Amino acid sequence: MTENISGLFAAAIAADPTRPLLTWYDDATGDRTELSGATLANWVAKTANLLVDSAGLAPADPVGVLLPPHWQTAAVLLGCWSVGSAVSGARPGESDDPQPVDVLFASVDRVGEATAWPAGDRYALALAPLAAPVRELPSGWADYVVEVRGHGDHFTPYPAAGPQDPVLADLAAQRATELGIGAGDRVLVDAARYPDPVDWLLAPLAAGASTVLCGSLDPARLADRAAAEKVTVRLT
């Protein structure tokens, strides 16, 4: 098994890059966004190019990610791991210990919290339907979705594993087994109950599964959604 997160991602989409890999629902806004492996790979490549070309990141440089489960969070995290970054803040409890980072990503509702993190480049995310930009951009922040779109569509991940990759890859495989996720599964995830990206992002990738990630999940819609999305595993 690969110890490189970008390798997990590449393997997960290799057989059919056109199949849905990550489908996002937000029952509070009515948003539904479906990304094939190829589409998510495009966002990941643009993010990696943003980090290298605009922020000047080198392998093992620290990046802060103060974002909830979301399809844009997947693009940010996979982009960071593609360039070998050391990511802090993404897993539950990590944001309780602010630390200096070269680049910081934060949702607009966490910008106040993010001021405790010393950072070079700062990118805010609205996490709005249709990847809409931030309506009122805070001073000192750039808008991720605006900036990332200007970067290249292709990026070759660094061959060496990042400093966190071996541990995360092993943990992802372990969690896939614990959660009962197998190759070809369609996994519905309640983002509120499983906020750790190891569970909602990396474990399905490690198993060769696809994900239906649900924010603000409405229990009344669960049965119909599971049927419509051909769900085989529920994490709810």
Mean Cβ-within-10 Å packing, highest first, puts peptides 49-56, 211-218 in the order 211-218, 49-56
Subtracting the Cα-Cα distance from 0.36 nm times the residue separation, let me have the gained length for residue 2 to residue 109 in nm, one decimal. 35.0 nm
Test of understanding: what is the full-extension gain from residue 234 to residue 142, defined as 0.36 nm times their sequence separation minus their Cα-Cα distance? 29.5 nm
Given H placed 1.01 Å from N in the peptide plane, which residues other than close sequence neighbours of residue 57 have an amide H under 5 Å from its amide H? 52
Distance between Cα centroids, the range 92-135 to the range 30-59: provide it in whole Å. 16
Fraction of accessible area attributable to carbon and sulfur, the chain (%, probe 1.4 Å): 52
Here the convex hull volume per residue of the range 42-140, taken over Cα atoms and given in Å³, is 93
When only C-alpha pairs under 8 Å and at least 6 residues apart count, what is the relative contact order of the range 1-120, in percent? 22
Per residue, how much accessible area does the chain show when a 1.4 Å probe rolls over the protein heavy atoms, in square angstrom? 41
For percent of Cα pairs over 34 Å apart, one of [x] 8; [y] 22; [z] 18 was computed from the structure I shared and the rest are decoys. Which label? [x]
Area accessible to solvent at residue 181, 1.4 Å probe radius, in Å²: 20
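The values are calculated or read from the model by the stated rules, or taken from the named source; none is laboratory data. Note that the structure is predicted; figures quoted are calculated from it, not measured. Glycine gets a Cβ as well: all are built from the backbone with ideal geometry, and neighbour counts include every protein chain shown. Areas reflect the complete protein model, heavy atoms only, side chains present, ligands, DNA and RNA absent. Shrake-Rupley method; radii C 1.70, N 1.55, O 1.52, S 1.80 Å.
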